[in-house]
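Sharing a structure with you now.
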Amino acid sequence: MKTMPRTRKLTVKRVLALLLAYVTLCVTGGVVGGLLFVPSVVGLNGAARVMGPSLRVEGIDFDVTSLPQKSNIYASDGTTLIASYYAQNRTVVPLRKISKPMQQAVVAREDKRFFEHNGVDVQGVLRAFVQTFVRHGDTQGGSSLTQQYVKNVLLSQAHEKDDPIAEYHASEDTIARKVREMLIAVQMEKQYSKGEILQGYLNIAQFGRNNLYGVETAAKRYFNVSAADLNIGQAATIAAITKNPVRYDPSVPDNQPEAQRQRNIVLDLMLEQNYISKADHDKFRAEPIAGTLNLQDSATQIGCQAAGDAAFFCDYVTKKIVNSKEFGKTEADREKLLTEGGLNIYTTLDVHANEAAMNAARQAIPVNDPSGFEVSIAAIKPGTGEVLGFGSNRIYDATDAARNDPTRTSMNYQVDARDGGGNGWNVGSTWKPINMVAWMMQGRSVNQPLRTQRSFPVGSFACKGYSGLLGSSWQVGNADGFYPGSESPLEGLVRSHNTTQAEMIQQMGLCPVVDAANAMGYHNSSIAGEKLTLDNAQPSMVIGSVNASPLTMANVYATIGANGVECTPIALKRVVSKEGKELKVPPANCHQAIEPGIAQTVAYAMNQGALRGEAKPAQLANGRKTFAKTGTNEEWAVSTAGFVPNQVAAFVVAGSAKGLVSLNNKTINGQYHSIWYGSYLATPAWKNFMDTYTAAAGIPIDNNYGNPDSKYTGGQAQQPANGPQQERGHTQQ
């Protein structure tokens, strides 16, 4: 029979030995432990002061401004908040902007001798030892507020460095971790004032679920006030949360009874420590916690998911930051800067333009329309490259819920694939002004009579070694069924005749068209975003058989509307770091791409199309001069593009973004057409956007633009109006 091991009795001598070992380990880790073996608390704290100079804190940054902070994205007005991005939802504030009750509440709750000890509260350590080892109660650490700050900083820096081992050691439940915290805390107290340490703790501590950090964010979340305005009851509520940020978060209804009990404990401690009067204690203790809350969801909403109708633009901004080398060497560096860098990002978003674009898209085809077709709108300011806003009849949703809901998507169909978009839309006849620019760049007159035909040898488009592709001949038709024997480039654009476009290109070759397109800002919508080359050029591109994003086409038209000045689209005006330093942003690179006379002449031709041609339904309100061009790509997509000179250029397209789905014989937004044209769907949406935005933004009417240059008209102002007044048919138009 085995003898049972004898239980060792917890004698006074053994308790004293354990206590001394515990304090020795906790405060010194076995180093100069004898210094603490003195009979009084004063002696123990004095010993801490003695050993302090021998300690060193290396590689740890306790500067409160170095904490991960959320980045805010603002509209062009500099005040309208679009969205916030963060790994830790935190806004750092100085101690002077944190109310006295808040400071007192956290000291009362976490470390009542904070202003007396030198980093390690030896009385707290002894109390924790007795509770844990003698009474066998709940495990207690006896950590001072300074130690807790140290722990939070170590965790934060380990997380920032993506160091899971360091993160584990910063939070492991061991005496070794306690020892490290104590040693660093003692050294910290020599380097930083009590106020600096308290400020650091209040900014780094977690005060709720969903990555809610720092007292300023907590004040906004729970009470919709700044930390400077927190009263006694509010401060006690927030101070209580840190013990268990998930369980004591009062925004969760099931948590509120316990959150109230914890708040009352803090109020009791504040009274006990003479921070508040008995009257204030009783007053705030009597308040039901639910009645004190003024919850703000915006304080915890993260990223573009919370940006509402500005979400697609927000997504474009974030992609620009992550893709731009100005913000870091690697994509990971740039993502970290966005989520932790505390940036203030001031964008080009015009709230009036974005709202008008979203409304115009959804009025053209409602979100829940049974047809399921998409509408995409992009708007840009000519001469600046500033992207003003996007329109979509879809709801931005980057969650898994969007997979089974066709009305929701995170795909930004308004931009290139590299910026979060798709493969682009077929542009149809909105391409044709590019052909006219190319024609004039060759020194030709837009009133030159051209013999038109319907069949063209592919080899006749040759230039610079280009010999043509895809067969020996190209058969071209006009949507309206009208084939004039002779027609000028001007009338060919007004009537949107394909045969005239083909004849123009046959005379000058494809090379000038490629050059003009690139000069005006065209590129494909792929990830590479390549410019047009002869290797990927086809004769049919001159009637719009190419794909581009709405933003790209809006930018092409902005070049015409800015007297020939082309700019790279930009979304960022200023980016300011948390230190207040302005960071370099991607430039617009604005430059004179085509002659002003060419821009003015093609604008004149577009206006003629709006006065007496297929773009007539685009006429803007109040007699504002209209510069627009419609497009129809067979039965798959319809579009309209145009501009208000030097103010706004916009491109609108409607169709299926998911593949070739015929618009014809469909009921869209309650209207049925056997054949849908740009003037039926895209043009009204374009006009709606332009009229609404120019009115909301107070853009004055200036009808002095669009004066043709005699150099390119042969001295003729215009030709007589003949032929159809509205586009018909379903060939490229």
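Could you work out the per residue convex hull volume over the alpha carbons of region 283-365, in cubic angstrom?
In region 283-365, the Cα convex hull volume per residue is 175 Å³.
So for Leu267, Leu572, fewest C-beta neighbours within 10 Å to most, what's the order? The partial results should precede the final answer.
On the way: Leu267 28, Leu572 23.
With the sparsest Cβ surroundings first, the list reads Leu572, Leu267.
By a straight-distance test (C-alpha under 22 Å), which lysines pair with Lys278 as possible cross-link partners, with residues fewer than eight away in the same chain excluded?
Qualifying lysines at Cα under 22 Å: Lys100, Lys112.
Given the pairs Lys464/Lys711; Lys329/Lys573; Lys151/Lys584; Lys381/Lys625; Lys320/Lys581, which are separated by over 24 angstrom at their Cα positions?
Result: Lys464/Lys711; Lys151/Lys584 exceed 24 Å.
Also, I was wondering about something else. Order these by the 10 Å Cβ neighbour count, fewest first: Lys325, Lys616, Lys432, Lys581.
Ordered from fewest to most neighbouring Cβ atoms within 10 Å, Lys325, Lys616, Lys432, Lys581 come out as Lys581, Lys325, Lys616, Lys432.
Provide, for q = 0.12, 0.15, 0.18 Å⁻¹, the log10 of I(q)/I(0) from a solvent-free Debye sum over equal Cα point scatterers in region 419-532.
-0.45, -0.70, -0.99
Sticking with this structure for a sec: Measuring from the lowest to the highest alpha carbon on each principal axis, how far does region 571-705 reach, largest first, in angstroms?
60, 38, 30
Given a Förster distance of 41 angstrom, what is the FRET efficiency for Glu579 paired with Lys658, based on the Cβ-Cβ distance and rounded to 0.05?
0.35
Ranked by Cβ crowding within 10 angstrom, fewest neighbours first, how are Val322, Val565, Val266, Val375 ordered? Present the calculation step by step, with values, prior to reporting the outcome.
Values: Val322 18, Val565 22, Val266 27, Val375 32.
So the ranking, lowest neighbour count to highest, is Val322, Val565, Val266, Val375.
Now for a separate question. Please compute, for the alpha-carbon atoms of region 341-444, the extent along each of the three principal axes and give them in descending order in Å.
For region 341-444, the Cα extents along the three principal axes come out at 56, 43, 26 Å.
Next question. Binned at 5 Å from 0, what are the whole-percent values of the Cα-Cα distance distribution for region 191-302, short to long?
Computed distribution, short to long bins: 2, 13, 23, 24, 21, 11, 5, 1, 0.
At q = 0.14, 0.16, 0.25 Å⁻¹, what is the base-10 log of I(q)/I(0) for region 240-284 according to the Debye formula with one equal point scatterer per Cα and no solvent? Please give it to two decimals.
-0.35, -0.45, -0.81
Hey, another quick one. What length, rounded to one decimal in nm, is gained on full extension from Asn703 through to Lys278, with 0.36 nm per residue of separation minus their alpha-carbon distance?
Between Asn703 and Lys278, full extension yields 145.6 nm more.
While we're here: Translational diffusion coefficient, Stokes-Einstein: compute it for region 507-649 using the Kirkwood radius over C-alpha pairs as Rh, at 10 °C and 1.306 mPa s, and state it as an integer in µm² s⁻¹.
Values: Rh = 16.8 Å.
Taking Rh from Cα pairs, D becomes 94 µm²/s.
Right, another one. Taking each pair of distinct Cα atoms in region 174-250 once, what is the resulting Kirkwood hydrodynamic radius in Å?
Value: 13.7 Å, from the Cα pair sum.
Taken together, the values in this text are just the output of simple stated rules run on the coordinates, not laboratory data. Computed from a prediction, not measured in an experiment: that's the story for all the values here. Here the Cβ is made from the backbone with ideal geometry for all residues, glycine too, and neighbour counts use every protein chain on show.
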